[in-house]
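The values are calculated or read from the model by the stated rules, or taken from the named source; none is laboratory data. Everything numeric in this text was worked out from a predicted model, so none of it was measured. Ideal geometry is used to build each Cβ from the backbone, glycine not excepted, and the neighbour counts take in all protein chains shown. These accessible areas exclude ligands, DNA and RNA; they are computed on the full protein's heavy atoms, side chains included. Shrake-Rupley method; radii C 1.70, N 1.55, O 1.52, S 1.80 Å.
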Amino acid sequence: MVGKKLKVYTCSNVAMDYFIFLSETIKNAGYEVEPLYLVSEGSYRRNGKNLGLKKAYLRFQMYVGYPLYLVYKVLTARRNSCFVVTSNTFYAPYLVKRLAGLKKAKVIHLLYDLYPDAIEVAGMIRNDSSTSKTIGSIMQKIQAKCDATVYLGEYLKQHAEGRWGRAAVSKVIDISTDLALFKQPFKQVLQSKKLILHYGGQLGHLHDAESLIESVKYVLGSDLADKVEFNFYVSGAQAQHLAESLSAYPVKIISAVPSMQWRLDIAEFHVGMVSLSTGGASVCLPSKTYGMMAGGMAILAICPRWSDLATLVQSNNAGWVVNNSTFDTAAALQVGDYHNNLNSRRTTSDIVLDFYTTLKDVLSDEQRLASMRANAFSGMRAHYDLMALSNKWEDLIETL
């Protein structure tokens, strides 16, 4: 694998830890890799908390400065190279593809979040609006023109190609995480007498904050209250709503911390909580899930049973899924009105009761919990390690 002459440029507006890992993954396949980004993770977290000029400047960097930087890098890039361009910023893959022909470069679109679907789900625009149609036309061009599209899951691929057209070449590659950054082995026996449940990362419009909040309230008002402890390291559009809603409850809630600190802290936690709304499950897959599994945490997911998130948890026998959709399979969504089916949600009371029942089962079987945690830890190393992902990226790049 060593000595390949092809140069690969990895591109994202923010250098989150999973983007840095992407660059290392492709480099491990023997390619010369140059990461292109404009904002560090630390700067993104600091400025993202502000409401004034700093946040406005962050947005400018992400949606104006970064695309202009890409234009410069494409025009000065090595000929016959390859650009792996993430959907952060959403129109960046199309911009790069329009210019790449000047350098005979290949362009791979790495779809982290799907637009305009993401802002439709967030309630910012309607799916029949002129804004949706405009952004959708860009997405159609990205699908048609880029040399390949990489998806984070099979259902995400199915949904994106069903709405915006098939990609020239399609491949599913997990986002995963850098396993070398996690302590090995994880602590199977922890000091805490209580079961510690942790939610880390984004809590935005694509996540099921309502079910999460009401489930925590219900559990802390039940016979399980003295047996569990909830903590949240969260940022995003619904983080403040979570804090306000749970202010009267004994719950730890802090802002998301740098990745290095987070990896140290989770060594003391048992179960990782993740959530996706029914619409959000057609848009993204929470990357923190891989990190929690890598740290030896079992997963308790509130999400549609047909989602890629549910598949990740269940295929590794690494936790439990509380279904918030009225449907169980992706095939069932296709019968009748797909859009309505996609957004069809179970009642909050039913979701909360399932969460409580599931958690009660977890507490009643310590051996099963230990098994789930071990499965999460070993499953990450068996299926989503650096070499496995490097081989997938090499297979894709070599076919273009």
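Okay, here's what the table says:
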| quantity | calculated |
| --- | --- |
| Test: Tyr9 is more than 28 Å from Met260 (Cα to Cα), hydroxyl-bearing (Ser, Thr, Tyr) and modelled with pLDDT of 95 or more | no |
| Residue check for Ser259: more than 25 Å from Arg126 (Cβ to Cβ), among the small types (Gly, Ala, Ser) and without any contact (Cβ under 8 Å) to a residue 40 or more places away in the chain | no |
| Check on Pro116, open to solvent by less than 30 Å² (accessible area, probe 1.4 Å) and in contact with a Cys (Cβ under 8 Å, 6 or more places away or on another chain) | no |
| Qualifying residue in segment 49-59 (condition: polar (S, T, N, Q) and in contact with a strand residue (DSSP E or B) (Cβ under 9 Å, 6 or more places away or on another chain)) | no |
| Glu24 being touching an Asp or Glu at 6+ places or on another chain (Cβ under 8 Å) and not hydrophobic (A, V, I, L, M, F, W, C) | yes |
| Verdict on Lys97 being closer than 30 Å to Leu179 by Cβ, open to solvent by 10 Å² or more (accessible area, probe 1.4 Å), part of a helix (DSSP H, G or I) and modelled with pLDDT of 95 or more | no |
| Filtered residues of segment 333-371 (kept if within 24 Å of the chain's Cα centre (by Cα), of a type outside the set (S, T, N, Q) and farther than 16 Å from Leu300 by Cα) | Leu333, Tyr338, His339, Leu342, Arg345, Arg346 |
| Segment 241-273, residues that are open to solvent by 60 Å² or more (accessible area, probe 1.4 Å), in contact with a helix residue (DSSP H, G or I) (Cβ under 9 Å, 6 or more places away or on another chain) and assigned to a helix (DSSP H, G or I) | His241, Met260 |
| Count - residues of segment 213-235 that are crowded, with 18+ Cβ neighbours inside 10 Å and of a type outside the set (Ser, Thr, Tyr) | 10 |
| Residue ID - farthest from Asn324 (Cα to Cα), chosen from residues in segment 255-303 that are modelled with pLDDT under 95 and β-branched (Val, Ile, Thr) | Val257 |
| Residue within segment 164-175 that is acidic (Asp, Glu), open to solvent by less than 60 Å² (accessible area, probe 1.4 Å), more than 17 Å from Asp308 (Cα to Cα) and in contact (Cβ under 8 Å) with a residue 60 or more places away in the chain present | no |
| Wholly enclosed helices (runs of 4 or more DSSP H) of segment 1-81 bearing at least 2 residues without any contact (Cβ under 8 Å) to a residue 40 or more places away in the chain and open to solvent by less than 70 Å² (accessible area, probe 1.4 Å) | 41-48, 53-60, 66-75 |
